[in-house]
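Below is one structure, written out as structure tokens, with a few remarks after it.
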């Protein structure tokens, strides 16, 4: 799920950036530091949408660096248990398949793939129904349900299932 | 504390829900929660500062509630069986054996799993761990699949087996010419000598490696298993398999093994009875020697020769290379084909019970079949002869070893043409060969022409 929230961060800025463009430097550094990272509490920071306020800078003794408390708005993405997601398959093997929805990696094990789909090895490993009408392979798009998440300081692990009504392949790359 | 846990008010589920919210919601809740707690538990004065204790007691409460509920359910079901649906659900949850986990969660039921059983499969994906029973299950289902496709497993080592690498700083002046001859990294499928500047390395693929991989991929599901680190292994896999058709996520490096300085088949999802290994280092596979086909080491760079204590000039210095059609890879491919056809075609219909290790032994035994060997001045005196590696090697190759000469002997193995047995061999017109004759036959899986391994006159007589 996506959220638009306000976060705060203390930014350290090198003295060489002090001047007319201080604010621009600060914001570009903020984007570089924060976008694409993951925090256990909020999930992935997708994009910074605006800066609410920049507090008073505090000069550090010795180094000359200045610390600014910055409040910014951003879009974060955090998967939840029970959520339905659409994801792209990245790897298929005999244990199941891995799919990604944006920055989130989801593992769907063969226990949670419908029983009528069987693993086929080869240079393009895939899961296929016995009549061959449905196939999951690399780059397939699937709709899945998250049944478990673990959010670490740096990454998010998700377990998904397609063994339920209205879940499974929604777009097969070979038919395009 | 005991007061809190025992107080009946707190075993209600709404309290539970509040605790859940506390954990899930953002930082504001941290500020507000002590207040809430204080309101709730007016009787307790010590609560103010002790958030940790609060949390702990909350957790205990929750556990207690769960236990209560489950016992209730059991009682109900045993007495009447009225709430069948409810019990069914709980049974289903309990029954999950947690076959494996991804990121610390069972990949079947999504619950967090704590115990550290099973084997980590980090080379497939970080955080993936599979329990032993599940591994067995996967192996046996995969085996059926594999046999249907007439394939076996093949584990390939990288260094000195499929290629040879050296650090750029270890190139000596005579090898500097290689830098200008390196092939382009744009289209690696054609070249064989690569300079990987970002890794400070130069890599030479063994001659015949591409046809080898292509043909082997039709008979085997192939893995790379190297003692190198992960980035190196992946880089080499890119060179060997630019189209990613052979080693799809089957690259195992030393970071993925379960034992230090050892390679093991426990991280390979294939049944041991169907695995063949190509490696140049026997010691790495102490537990799986029967699966191993030992390779002659490929030393292209001078640094690699020195590393193994050879003082001869390297192939790179001689501007030479192994022969494409008769090199080690070409001869081992013939062996692989032989084993494959024996496994699937010559040994009857009972595929499931077959063991490739037995087949490997049988093929090996054909090499020196019918030879009767006598060793002369090969083993140190008093050394138990039948314990020597050459003796064992000869027997594995199908030869018969004797300690004394007799008319049925066909070969005398000696390092010295002046010994009694050597002279006997010359007189009786038997073959007199160097011990390297056996070793070469072992590497090349073929009986070698005897005249290529003459025994030199000893230094003593010179």
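Read-outs: derived from the displayed coordinates by stated rules, not from any lab. Predicted, not measured: the structure shown is a model, and the values here were computed from it. Glycine gets a Cβ as well: all are built from the backbone with ideal geometry, and neighbour counts include every protein chain shown.
The angle between the Cα long axis of helix A:22-34 and the main principal axis of chain A comes to about 30°, on a 0 to 90 degree scale. Arranged from fewest to most other beta-carbon atoms within 10 Å of their beta carbon, B:198, B:208 become B:198, B:208.
Normalising by residue count, segment A:40-176 has a Cα convex hull of 165 Å³ per residue.
When the Cα convex hull of segment B:209-257 is projected onto planes of every orientation, the mean area is 3.3 nm².
Rounded to whole Å and sorted largest first, what semi-axes of the equivalent ellipsoid does the C-alpha gyration tensor of segment B:349-462 yield via the square root of 5 times each eigenvalue?
30, 14, 13
Going by neighbour counts of Cβ atoms within 10 Å, the residues B:190, B:263, B:447, B:361 line up, fewest first, as B:190, B:361, B:447, B:263.
Only Cα pairs under 8 Å and 6+ residues apart enter the sum, and on that basis the relative contact order of chain A stands at 21 percent. For segment A:1-115, the Kirkwood hydrodynamic radius comes to 16.8 Å, computed from all pairs of different C-alpha atoms.
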